[in-house]
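Encoded as structure tokens, the structure appears first; notes follow it.
Readers should treat all values here as calculations from the given coordinates under stated rules, not as data from a laboratory. What you see is a predicted model; the values in this text were computed from it and never measured. Please note: Cβ atoms are built from the backbone with ideal geometry, for glycine as well, and neighbour counts cover all protein chains shown.
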Amino acid sequence: MHSFSTALSGLRANQRHLDLIGDNIANVNTVGFWGARATFKDLYSQVIRPATGPEGALGGQNAQAIGTGVQLASIDLNTAQGSFFNTGRTFDLALRGNGFFVLNNGTQDFYTRAGAFDVDGNRNLIDSRTGLRVQSAGGGDIQLPIADTFAPQATSSVTIEGNLPAEQNGPKTEELTTKEAFQEGTAASTASAAAGPFALTDGDQFIIRINGQSRTITFSTGDFADINNATLSEVQASIESQIGTSEAEAIINTGGALEINTTVRGADQKLEIREVTGSVAATLGFTIDTEFQGTEALATETSDLNALKFNREAYVTGDTIRVQGTEADGTSVDVSFVYGVDGTTLGELRDLVSSSFDSATATLDSAGNLILTADESGDANLTLNFTDEVGNTGSSAFTENRLEVTTDGADRDQVTLVTQVFDSQGLSHDVTLTFTREDTNLWNLSADFGEDGVTVVDGAIDEIRFDDNGKLIGVTGGGQGDPNLELQFDGISALQTIALEFGSSEETDGLSQFGSNGQVRVHSQDGYAAGDLLDFAVNGAGVVQGIYSNGQIQEFDTVAVASFANAGGLIRQGDSLYSASANSGQLTLGNADLSGASVQAGALESSNVDLSGEFVKMIEAQRGYQANSRVISIANQIMQESLNLIL
């Protein structure tokens, strides 16, 4: 009976399958573990009757054969990538894609997907699980510096980007202008034609309309020595006391006539006399129901100050007008204009102002404006005010004609930035780069270090030009106008040249000139100070890098990544290690990029075992084992029955 040996082979095959499943499940948490699968094949079949072909009227018959069991055909590695989990450790590495890390024990290379690496006491990069040394893409061990200094580098190039304003705001000279133009003017005025005395009656009234506002004048007996024989001066005093406003006045003029005037001069001043009852206004000799109006005209340099519209009381010789202000630099100005001594006209007042300022000039334009203009462009603090000295007979409403800033002083348009550059000893120096507009599309640049120990041999870059579309043309200046700075640092014999890069011509990848706002910045500069090693990092190509305190990164070595034509042909060696075999195929050794993989630092690859799938396979293997056991049991019963026939 072959059933015993056939079933026995089934027991053996399913036992191997269970062994393999158990190994997969046991390593479900093993870093970098590749699971395996079992495949089976049947054994030699015993032919009971061979096949026969058709003959005559008889058809052919198939052969009759019985198999003799099953055996393990292959154990294949599952080369699918496992999932990654983060560890945060610099030298925990995971491979995304094909390939293996290479380890060496001094005589033989091993290959692994488990990248749990560390640095040993001899600064070698090792596998922390086995102590094997990690191999470099160039061959040999990877040895890392623990204490290292990165040498400084002098700045040789600075790349600048940003925008210079297209809108031109400077240079401008500061200018002050009177709030209103100076004008000559006369008051609205009406004069009495009679000299008196006047026969008045107690309670007589008339109205004075001043710029549309009525004032009622009433004569009372108590205001006169004899109201029936009122004198001109008594009438003037009575009217003056009742006007009750600063807008008009009653005076006895030089011709001996009673005169009522507006106190303010100009064409907007109006005055009218109206009767109330009777004819007292006519008795006084005033023109009735007629509107009198002031006059005005633009002032000139020959206009007397007393003829100006803003004059309230006529100046007399010796009256003083204070001229006070500040120079462009803020220095105080305080001088006096004495009427009748220094002059009487607006032009003479202008001349005194002009001679009193060292940084500005006073002019009177054709529109009657007094203008104070700074002699030089730039930010200025010019001010100018006129005031009447206390005790003057005359006065003017200077506040109505005060000078105001009509043009703010401004320097040429400038945009600045401050950046660091480094000398050959790694010392940093702050430099201020100032762009100054010279023309609509033309700028110059100057460099200022503002510190001792730095001699600027060439700190100017001339003729940085832009086209009408705001795109950079380039630097067209020659000589010291080339786009280089030349510096001499104390203690360093060689000149240091720093090239300033402003971007590509006809492009906007560097400097541009658009809009009204300017802002420039340094995109990069290639200098740096000396640095100490702070940490390590590993990039996607497997390059081990040193990170330094000066911001620089240095590449030390590259972790080797090996790939095989047939990764499934590798031989397990334990410890998640593999070794090459006759069937693993051609070895390719290099960095991760060469094998089409990438390295992820701070992570490890989990086992690729599918636990749920393994449980299903375990049930299948168990059932197979049980079934083959049942075959042996039935065959044994049949054999027992045969023995019983003999007995």
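Which percent of Cα pairs goes in each bin when the distances of the stretch 521-647 are cut into 10 angstrom slices starting at zero?
That works out to 9, 18, 20, 16, 12, 9, 6, 4, 3, 2, 1, 0, in percent per bin.
Treating cross-link reach as a plain straight distance, find the lysines whose alpha-carbon is under 28 Å from the alpha-carbon of LYS471, omitting any fewer than eight places away in the same chain.
LYS172
Given H placed 1.01 Å from N in the peptide plane, which residues other than close sequence neighbours of ASN539 have an amide H under 5 Å from its amide H?
Those lying under 5 Å, H to H, from ASN539 are GLN545.
Would you kindly compute the Cα radius of gyration of the stretch 87-214 and its largest Cα-Cα separation (Dmax), both in Å?
50.5, 146
Measure of size requested: the Rg and Dmax of the stretch 171-411, with Cα atoms as the atom set and Å as the unit; please supply both.
Expressed in Å, the Cα Rg and Dmax of the stretch 171-411 come to 22.6, 76.
With unit charges on the beta carbon (Lys/Arg positive, Asp/Glu negative), name the residue among SER354, THR300, GLN205 whose Cα is farthest towards the positive pole of the charge dipole of the stretch 171-411.
GLN205
Expressed as cubic angstrom per residue, what is the convex hull volume of the alpha carbon set of the stretch 152-303?
Numbers: hull volume 37.0 nm³, N = 152.
Looking at the stretch 152-303, the number lands at 243 Å³ per residue.
Dipole of the chain (Lys/Arg Cβ +1, Asp/Glu Cβ -1, origin at the Cα centre): which of GLN554, LEU487, GLY10 lies farthest to the positive side?
Toward the positive end, the furthest listed residue is GLY10.
Order of MET618, MET639 from fewest to most other C-beta atoms within 10 Å? Don't skip to the end; give the middle numbers.
Working: MET618 16, MET639 13.
Going from least to most buried by this count: MET639, MET618.
Can you list the DSSP H helices in the chain whose Cα atoms extend at least 30 Å along the helix axis and whose mean Kyte-Doolittle hydropathy is -0.5 or higher?
Values: long enough: 3-26 (34 Å, -0.05); 611-646 (54 Å, 0.03).
Once both thresholds are applied, what remains is 3-26, 611-646.
Cut-off under 17 Å on the C-alpha distance; same-chain residues fewer than 8 positions from LYS270 excluded. Which lysines are left, in chain and number order?
Cα-Cα hits under 17 Å: LYS309.
Pairs of Cα atoms under 8 Å, at least six residues apart: use those to get the relative contact order of the stretch 490-618, whole percent. Don't skip to the answer; put the middle values down first.
Values: 144 pairs, mean separation 21.7, N = 129.
Relative contact order for the stretch 490-618 comes out at 17 percent.
Most exposed first by the Cβ proxy, i.e. fewest other Cβ within 10 Å, how do ILE321, ILE464 rank? Let's see the in-between values first.
Values: ILE321 23, ILE464 27.
Sorted ascending by nearby Cβ count, the order is ILE321, ILE464.
Pick out, in residue order, every one of the GluC sites (Glu not before Pro) in the stretch 389-460 that is DSSP loop and has at most 11 other C-beta atoms within 10 Å; say none if there are none. Mind showing how you got there, number by number?
On the way: sites: GLU389, GLU400, GLU404, GLU438, GLU451; in loops: GLU389, GLU451.
Sparse-neighbourhood loop GluC sites (Glu not before Pro): GLU451.
How large is the convex hull of the Cα atoms of the stretch 1-42 per residue, expressed in Å³ as a whole number? Show your work: numbers first, answer last.
Numbers: hull volume 1.7 nm³, N = 42.
Each residue corresponds to 40 Å³ of Cα convex hull volume.
Could you order the peptides 591-597, 92-98, 120-126 from most to least packed, using the average number of other C-beta atoms within 10 Å per residue? Don't jump to the answer; show the numbers that get you there.
Numbers: 591-597: 19.6, 92-98: 21.4, 120-126: 14.3.
Ranked by mean Cβ neighbours within 10 Å, highest first: 92-98, 591-597, 120-126.
Cut-off is 10 Å between beta-carbons; in what order do HIS17, HIS429, HIS523 appear when sorted fewest neighbours first?
Working: HIS17 23, HIS429 18, HIS523 14.
Ordered by Cβ neighbours within 10 Å, fewest first: HIS523, HIS429, HIS17.
From largest to smallest, what semi-axes in whole angstrom does the chain give when each is the square root of 5 times an eigenvalue of its alpha carbon gyration tensor? Please list the in-between numbers first.
Numbers: eigenvalues 2695, 288, 88 Å².
The answer is 116, 38, 21 Å, longest axis first.
Give the Cα extents of the stretch 355-400 along the principal axes, in whole Å, largest first.
Cα extents, longest axis first: 40, 24, 19 Å.
Would you mind working out the magnitude of the charge dipole of the chain relative to its Cα centre, with +1 at each Lys and Arg C-beta and -1 at each Asp and Glu C-beta, to the nearest 20 Debye? Mind dumping the intermediate values first?
Numbers: 32 positive and 86 negative charges, 1376 e Å.
Computed about the Cα centre, the dipole is about 6600 debye.
Hey, what number do you get for the chain at 222 nm if only DSSP H runs of n ≥ 4 count, each worth -39500 (n - 2.57), divided across all residues, to the nearest 500?
Details: 5 runs with 87 residues, N = 647.
After summing the helix terms and dividing by residue count, I get -4500 deg cm²/dmol.
Please compute the contact order of the stretch 20-163 in relative form: average sequence separation of alpha-carbon pairs under 8 Å and at least six residues apart, divided by the residue count, as a percent. Walk me through the numbers before you get to the answer.
Working: 197 pairs, mean separation 22.8, N = 144.
Answer for the stretch 20-163 is 16 percent.
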